[in-house]
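Asker: Mind having a look at this structure? Questions to follow.
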Amino acid sequence: DESSNSLRTPEKEDGFHEKSHQLQYPDSFHVPEEKVPFKILHKQCFAKEIILMSLMDPAIIRNPGGRTGIKGRGALSRLGPNLNLDLVVTRWRDSVRSVLEFLAVLNQNLRSLALPGVSGYWFTFYKLFEALDAKVSEGYVDDCRNTDNAWVETTVLNIHLDGTSQVMFDRFRRYLTCCHPQVISGDSCLQWQEVSSRIKLSPNQRRSLQQVAELLFSLHYVTQ
């Protein structure tokens, strides 16, 4: 029996704005911790900031986490917040709720796992599941792609299915396939996976799964 805590690693928890400081971009430079807030003048950054601001919106788009050492949008699709939605579909494997499972997209060629993607239908999914009170968290994500002017913000939604109802799962599967057909096509398929420390997801999706697992396990123990 592996609880949601098994998703954690023994390493120290990342800081609020740590991954963005790992110099992932070739042209990035190190920003001392005390110079990260934009309210602190940093001479090395200042000249580049003035040039960039003249090309950007007058409102001046700035990363809420502070400086990262790289300007522009980097590898992200747009300046400002880049909205992402992690859809975590869960169920208990058995009636005693000893094992939690989540629905993953398995790429059979790459043998990789990911949460079901909803790109292109973000607003539709968000409004639908917001009405169902399915939102677990929302906000800034410490992502290595973040720059001074572009950053990732993620909304985590959880749909918890009755593990004994195949009808409910089939309905959800049809709905997801209709909105995002590439999820179940070609080399990919939907598959239930046990929540455990062995799950290989991207760091951001792993964090989203951990949030959901901790919530469900805490509710389970409260209602026992």
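Asker: Estimate the FRET efficiency between VAL99 and ARG78 by the formula 1/(1 + (r/R0)^6), using the beta-carbon distance for r and 41 Å for R0, to the nearest 0.05. Provide the component values of the computation, followed by the final result.
Answerer: On the way: r = 40 Å, r/R0 = 0.97.
In this case the efficiency is close to 0.55.
Asker: What FRET efficiency comes out for the pair ASP170/GLU138, r = Cβ-Cβ distance, R0 = 41 Å, nearest 0.05? It would help to have the intermediate numbers written out before the result.
Answerer: On the way: r = 29 Å, r/R0 = 0.71.
So, using R0 = 41 Å, E works out to roughly 0.90.
Asker: Give me, ordered by chain and number, the residues 5 or more places off VAL195 or on other chains with an amide H under 5 Å from its own placed amide H.
Answerer: LEU100, GLU101, PHE102
Taken together, the values in this text are just the output of simple stated rules run on the coordinates, not laboratory data. Because the structure is a prediction, the values reported are computed rather than measured. Note: ideal-geometry Cβ built from the backbone for every residue, glycine included; neighbour counts use all protein chains shown.
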